[in-house]
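What follows is calculated from the coordinates using simple rules that are stated; it is not laboratory data. Please read all numbers here as calculations on a predicted model, not as lab measurements. No Cβ is skipped: glycine too gets one built from the backbone with ideal geometry, and neighbour counts run over all protein chains shown.
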Amino acid sequence: MWSPEEPRWGWGPRAPTSLVLLSVLVSAAPLGLLGEETRQVFMEVISGCPTPQNLLYIRAVGTNSTLHYVWSSFGPPAVVLVATNTTQSVLKVNWSLLLSPDPEGGLMVHPKNSIQFSSALVFTRLLEFDSTKVSEGAAEPPGKPYPPYSLDKFSWNNITLDPDTLSTTFQGHPIDDPTGAFANGSLAFKVQAFSRSGRPAQPPRLLHTADTCQLEVALVGASSQGNHSLFGLEVVTLGNGPDCPSMKEQRSIDDEYAPAVFQLDQLLWGSLPSGFMQWRPVAFSQKQRNRESSLPCQASSLSPTLAYSLPHSPIVQAFFGSQNNFCTFNLTFGDPTGPGYWDQHYLCWSMLLGVGLPPIDSLSPLVLGIMAVALGAPGLVLLGGGLALLLRHKWYSEYQSIN
Amino acid sequence: MAEEDEEARALLAGGPEAGSGVPGGARALPALCDPSRLAHRLLVLLLMCLLGFGSYFCYDIPAALQTHVKRDMQVNTTKFMLLYAWYSWPNVVLCFFGGFLIDRVFGIRWGTIIFSCFVCIGQVIFALGGIFNAFWLMELGRFVFGIGGESLAVAQNTYAVSWFKGKELNLVFGLQLSMARIGSTVNMNLMGWLYSKIETSLGSSGHMTLGVTLMIGGITCILSLICALVLAYLDLRAEKILHKEQGKTGEVIKLTDIKDFSLPLWLIFIICVCYYAAVFPFIGLGKVFFSEKFGFSSQSASAVNSIVYIISAPMSPIFGLLVDKTGKNIIWVLCAVAATLLSHMMLAFTLWNPWIAMSLLGLAYSLLACALWPMVAFLVPEHQLGTAYGFMQSIQNLGLAVISIFAGLILDSRGYLFLEVFFIACVSLSLLAVICLYLVNHGQGGNLNYSAKQREEMKLSDPE
């Protein structure tokens, strides 16, 4: 059955040939979705024969629930997210259906009645704006738009899987690049799964749990169409019922993990617990992500869109059938003044995708410790000193009364 | 006053034999030109107040233009705070020598002119650093500016003592301080607007725009220099007309006196260093804090940042009166430090409108200045006072220099919440020192916390 020309990672529609297994680690983690603190994560790239189309399949198994993430590299970058309430649910891929013009039924999760939540996220276009031509007072768009890049016209087959960090990177170039903008550059999507909660060392240091996976979008080296271009992403979600998901901006006092960023943005598919998307409204224009290179990230409001006006995503249609309740929003990165993509031709932005309760940042133990000492020490000294004075006063007055 | 009037009239009435070397003795001196008359002294008061205006205006220019400096000179917050640190470094040493230089080396007139020149030249070098895109030149400019800045304040006070006596003196000191604070406020609210105007006229932002803006800001230093020159002339003239002596600081600095400082005095030093380290670097970094955490526009952020100075301008004399009338200095210091702690906690842990916290900070800052510095005079004999104040200024500047850099480092690596927690820790240390001071003072039966009445009684019962 094996032939030397077969791709090393995975072959055939149903049997994964290489699995990535991670040992279960117990940790004191904030409660995720259905209460799972740790999950066993299996990450693999499934290829279809004979065409070189790939799916990244992540299965995160908890004690009584499973999360399935299916990322596709054909069509625009998209993810289908399915949460089931059993550890025995499996994904079934019918490649012949999936690659046909009508892919409905090509992706299925069995048993169907165990599905608690399912939705999809598609990144349809890379937007570009000329920041030097900003109309006064207009918040969106942030400049005169250049023709956008449609991400389904990109080839995403450059896939690198890193089992140690449970991450996979899709590097994309346009199939047709007449201007040569991406001759020395690429747009990369890095997906990372987690078996327990933690916080990466790199800003924006989003707190993740076992119920989430992280996506990092990086635009590196591509030439912009102008001297001062601002980039953006068009993101499409599948609405829960007729309404669009809700966007929430949470202001907080805590910027320990992302200096000078006091906000956390969330996209919630329904009332909690359900699927969510979480990100900090900041992007970075240098590889060493620090305050000096941070760009503000603006999210437009969600608007319902009809399916025909968007690039078609096969896996979304494969799992959900023909849908028409798509909702679109735009993310734009940067300001006309300040740092921008033009500094080092680098832009990166991170987000979390998960199911259940979105992770909440809390004050670090160091801050709490310093505050405890700062407020406690004067209080104790005041108390102790006051007591000592009182006792001394009493002792002296007693002495005098004898005399 | 009447005698001086008579003397003046005698000079006027008499001719060339009335006095030697009196310029224009035969002419009638109008009130404005007569050094003994109130009108003239008010003119001199105006000049004395304007003397410090330029120095205080330019001290906080980095705070007002923080984002522009960081962007145009491509520096992070740590390097930006070096602009404040370099101002403080020379004053660690100069605080001891300011009085000596004015009394023995230059004299008050030349001393003021020289220090004003240092302020001007320093600001010009600072601006040139922007024009030539050399951050080291900016740091050098702030160093030179620092040499002149603090010593100019000493000179200003010496002029005040020389021209005004007794009860008037407190009012004059208060007015000088208020004028200085007005300078800081005008700077906070003006420089951002000035930068944007220059940007539109030059067509682009960048180090050149920054340099030109700083040069224009330096015009206030030229104004101070002119005041120094006019003051010197008027002082010389008054000396000749009224035969009064050139003003002296009267400070005698003997570094060996430091070993005689008592424990309460050391506690006061700790209070001073820790408190000001949580106020001035915070104002230096405040503008960007308000725009990033609370979403304020650039103008509003500058306005909130300057509220501390705006409040201290009128409240300093009022609190001075309050502390004079009631005494109980330690209790007032305790209130001020506790209020500052509360203010920083509001800014760190809530999203409440920062106007509230900053107004509280302004009141606390004014109150502390009025209650803390006079305590040194209660603890230290007259002949050691110069050394004590010099030492206090010196370690205050040392603390500011070090904490400024540290604050920049913390902000770059850990963000604003951690920076605020750091300032809270500093204020808490100051609070600890105040509590210890109260306990030590109470235990030793000291007089720091006497009410005004008790102090009066003590003065009356004193055989001297």
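Structure summary
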item	result
Relative packing of B:184-195, B:350-361, which averages over residues the other C-beta atoms within 10 Å, highest first	B:184-195, B:350-361
Span from the the stretch A:141-189 Cα centroid across to the the stretch B:248-316 one, whole angstrom	52 Å
Value of relative contact order over the stretch A:21-355, rounded to a whole percent, pairs C-alpha under 8 Å and six or more apart	19 percent
Average beta carbon contacts from partner chains per residue of B:406-417, 10 Å cutoff	4
Length released on extending from B:ALA134 to B:GLU168, taking residue separation times 0.36 nm less the Cα-Cα span	7.6 nm
Distance between the stretch A:192-213 and the stretch B:365-402 - C-alpha centres, whole angstrom	51 Å
Debye intensity ratio I(q)/I(0), log10, the stretch B:252-455, q values 0.09 Å⁻¹ (C-alpha model)	-0.36
Chain B - charge dipole about Cα centre, Lys and Arg +1 at Cβ, Asp and Glu -1, debye rounded to 20	780 debye
At R0 = 22 Å, FRET efficiency that the Cβ-Cβ distance of B:HIS243 and B:LEU46 yields, to 0.05	0.35
Relative contact order [Cα under 8 Å, 6+ residues apart], the stretch A:198-264, whole percent	28 percent
Sequence-distant residues sharing a close amide H with A:LEU295 (under 5 Å, placed H)	A:ALA283, A:PHE284, A:SER285
Karplus 3J(HN,Hα) series, Hz, for the stretch A:161-170 with 6.51 cos²θ - 1.76 cosθ + 1.60 (x for Gly, Pro)	10, 10, x, 5, 9, 6, 10, 9, 10, 9
Gyration tensor (alpha-carbon) shape descriptor, chain B, a/c threshold 1.5	oblate
Relative contact order for chain B, counting Cα pairs under 8 Å that sit 6 or more residues apart, in percent	22 percent
Average projected area [Cα convex hull, the stretch A:46-95], square nanometres	3.5 nm²
Convex hull volume per residue for the protein assembly as shown, taking Cα atoms only, in Å³	212 Å³
Chain B: calculated mean residue ellipticity at 222 nm from DSSP helix runs of at least 4, using -39500 (n - 2.57)	-27500 deg cm²/dmol
Cα Rg, Dmax, chain A, angstrom units	25.9, 110
Residue-averaged [θ]222 nm for chain A, counting only DSSP H segments that reach four residues, each worth -39500 (n - 2.57)	-4000 deg cm²/dmol
Stretchable slack from A:HIS345 to A:TYR396, in nm (0.36 nm times residue separation minus alpha-carbon distance)	10.6 nm
Under-5 Å amide H pairs with A:GLN250, H placed in peptide plane, nonlocal only	A:LEU264, A:ASP265, A:GLN266
Long-range HN-HN contacts of B:GLY327 with modeled amide H, under 5 Å	B:ALA452
Cα lying deepest toward the dipole's positive end in chain B, options B:MET81, B:LEU32, B:MET315, charges on Cβ	B:MET81
Karplus 3J(HN,Hα) series, Hz, for the stretch B:273-279 with 6.51 cos²θ - 1.76 cosθ + 1.60 (x for Gly, Pro)	4, 5, 5, 5, 5, 9, 10
Using θ = phi - 60° and Karplus 6.51 cos²θ - 1.76 cosθ + 1.60, couplings along the stretch A:202-218 (whole Hz; Gly, Pro as x)	8, x, x, 6, 6, 6, 10, 10, 5, 8, 10, 10, 10, 10, 10, 9, 10
With at most 16 neighbouring Cβ atoms within 10 Å, loop trypsin sites (Lys or Arg not before Pro) (DSSP) excluded, longest segment of chain A	A:134-286
